[in-house]
Amino acid sequence: MIRYLGEKHLVLPALLIENYQSVIGPMATMIWIDLLYLLEAEATDNWHEALLSLTKLTEEELAYQLEILTEVELITIKEDVIELYQPKRPKKLEEPEKEVAVSIDQSLDDEQKKKEAIYDYYHERIGMMGAKEFMLLNEWMEVRGLNPELVAKAIDITAENAQFPSMKYLDGILKNWFNANITKLEDLETPRQKGTYFKKDPPRSTPQSSSPAYKSVDIEKVKKWKELFKDDYKD
């Protein structure tokens, strides 16, 4: 005999198709439906033989499919009695959630390592880092949410373009990017964000000599000079 422990009205549960079929396979799904059919047809006394007839499976094949249904708690078999359970979220479907949780933890750990690497990178490219510099970098990443890769890019720009690389110069770059809604390296590479959000320090000016050779030239005097000495100046 078959005892159905779900609702009285035998409507095919959507969860069986949506959540279970991809886990247990179409054959095990169909066998559960066949059992529901046998119950509705009141042909429950010899359910085992009826299933063999409906599915055309061998004894071994049917036993294997029934084991699958038992494993996900859709049925239980006690001697000649099979109990049919209402489909719910199967335990096997919960495993990916655990994997996601592990993945999130790993991601957080990797992100922390990247942030710690930024402090070493600042020391390598710009110089010693004091408590003030540490707190400022930490604020940009932890509070304002700038990606560590973006901060590393700003450190590179500071080291390559600043006449005297410093946290002040780096902070200016990060402020410009933050105000332009640039929070990760990919934002900096998008067409709408392309542009110069930093400026190079001007080169040191070379003092001009007091020699007459560096004085400005009077163009009108040059013209008159050429007119007086045409033979010496040919076009």
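Some notes on this structure:
- Simple spin-label estimate for GLU142 and LEU185 gives 2.3 nm between the two label positions (7 Å along the Cα-to-Cβ direction from each Cα).
- Chain lengthening between SER166 and THR76 when straightened (0.36 nm per residue, less Cα-Cα): 25.3 nm
- Of MET129, MET135, MET167, the sequence from fewest to most neighbouring Cβ atoms within 10 angstrom is MET135, MET129, MET167.
- For region 2-89, the relative contact order comes to 46 percent (Cα pairs under 8 Å, sequence separation of at least 6).
- Taking a sphere under 14 Å around the Cβ of LEU52 and counting the other residues whose Cβ falls inside, with K and R at +1 and D and E at -1, yields a net charge of -4.
- Along the axis of the charge dipole computed for region 2-89 (Cβ charges of +1 for Lys and Arg, -1 for Asp and Glu, origin at the Cα centre), the listed residues SER22, LEU39, GLN65 are led at the positive end by SER22.
- Extension gain (nm, one decimal) between MET30 and GLU111, 0.36 nm per residue minus Cα-Cα: 24.5 nm
- Among ARG144, ARG125, the ranking by other beta carbons within 10 Å of each residue's beta carbon, starting with the fewest, stands as ARG144, ARG125.
- Each of PHE178, PHE134, PHE164 has some number of other Cβ atoms within 10 Å of its Cβ, and from fewest to most they run PHE164, PHE134, PHE178.
- When Rg and the Kirkwood Rh are both derived from Cα coordinates, the Rg/Rh ratio for region 130-184 amounts to 0.94.
Values in this text are rule-based calculations from the coordinates and carry no lab data. Small disclaimer: the values here were computed from a predicted structure and weren't measured. In this analysis, Cβ positions are derived from the backbone assuming ideal geometry, glycine residues included, and neighbour counts consider all displayed protein chains.
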